[in-house]
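Written below as structure tokens is the structure these notes are about.
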Amino acid sequence: MIASNKDAKAGSEIPSVIKKSYQRSLDELKFAADSIHNNDYTRGKGYAGALTSSYVLCGYMSELLVNFFGPSWLKGGHIALTFINGGVQQGDEIVCRGVITERVEEEGGTRLNLDIWMEKGEGVKVAVGKASGILKV
């Protein structure tokens, strides 16, 4: 794992983010009988329970990227995620991770392309994707 942005090179893993999944609305609201945010419905479809909203999970992944790139990620970063393997349920511990795949010199800095993913439990990937941002050193 790299210690700072200055050490960023292809193959380097960036510092991870560990969170306990929490979405207040899953605790406070009642969802429709056919909602993916309803425990009974999702369990009937083979999931472990109600699914945490994708916008919450994207926020966790964004924290990973802002921590690494700093504010520059908010001005020119890109992210694309695919959710897999049963999603994330309320209370799951998740780990957001990324590895640098490419450095591209461009006006304004160096763009780093990354493979990113989110794991829960014993390393089960629940989201995979790509991200990039401008490295300011």
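Just so it is clear, none of the values below were taken in a lab; they were calculated from the coordinates. None of these values were measured; they are calculated from a predicted model. Quick reminder, even Gly has a Cβ in these numbers, built from the backbone with ideal geometry, and neighbours come from all protein chains shown.
Whose amide H sits under 5 Å from the amide H of Leu51, counting only residues 5 or more places off or on another chain, with H placed in the peptide plane?
Under 5 Å from the amide H of Leu51: His37, Asn38.
For Ala127, list long-range residues whose amide hydrogen, built 1.01 Å from N in the peptide plane, is under 5 Å from its own amide hydrogen.
The answer is Ile84, Met118.
Placing +1 on the Cβ of each Lys and Arg and -1 on the Cβ of each Asp and Glu in the range 37-137, which of Tyr41, Leu65, Ser132 has its Cα farthest towards the positive end of the resulting dipole?
In the range 37-137, that residue is Tyr41.
Taking the beta-carbon count within 10 Å as an exposure proxy, list Cys58, Cys96 from fewest neighbours to most.
Cys58, Cys96
Mind putting a number on the dipole of the chain about its Cα centre? Charges go on the C-beta only, +1 for Lys and Arg and -1 for Asp and Glu, and I need it in Debye to the nearest 20.
With only Lys, Arg, Asp and Glu charged at Cβ, the dipole is about 80 debye.
Can you pick out the pairs among Lys19/Lys125; Lys75/Lys136; Lys19/Lys120; Lys45/Lys130; Lys75/Lys130 whose Cα atoms lie more than 21 Å from each other?
Lys45/Lys130
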